[in-house]
Amino acid sequence: MKKLREELEMSQEDWARELGVWSQTISRWELGKNVPTFIVKQMKALEKFLASIGRSIGDLPANL
């Protein structure tokens, strides 16, 4: 998750805003304290964001 966020040149706050989660959630995901889980609303937000930069969910690594 951190690698993808850094590749996109986004802060934890920016990434959290795009996904509709708290920045603390992003931090816990990146530290391995929590496993990323997404509700449909967040998946749609991720899909929309990735489309805006010419990528898709299929481009994400399986071990994200």
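The values are calculated or read from the model by the stated rules, or taken from the named source; none is laboratory data. For clarity, every value in this text was computed on a predicted model and none was experimentally measured. In case anyone asks, the SASA skips ligands and DNA or RNA and just uses the protein heavy atoms, side chains included. Shrake-Rupley method; radii C 1.70, N 1.55, O 1.52, S 1.80 Å.
Ligands, DNA and RNA are left out, and with a 1.4 angstrom probe the accessible area of the chain is 71 Å² per residue.
Does anyone have the angle between helix 40-52 and the longest principal axis of the chain? Alpha-carbon axes, 0 to 90°, nearest 10? Orientation of helix 40-52: about 60 degrees from the principal axis. Of the residues Ser52, Ser27, Ser11, the one that moves most in a GNM of the chain with alpha-carbon contacts below 10 Å is Ser52.
Among the protein heavy atoms of the chain, carbon and sulfur supply 51% of the accessible surface, probe 1.4 Å, non-protein parts ignored. For the chain, dividing the convex hull volume of the Cα atoms by the residue count gives 81 Å³ per residue.
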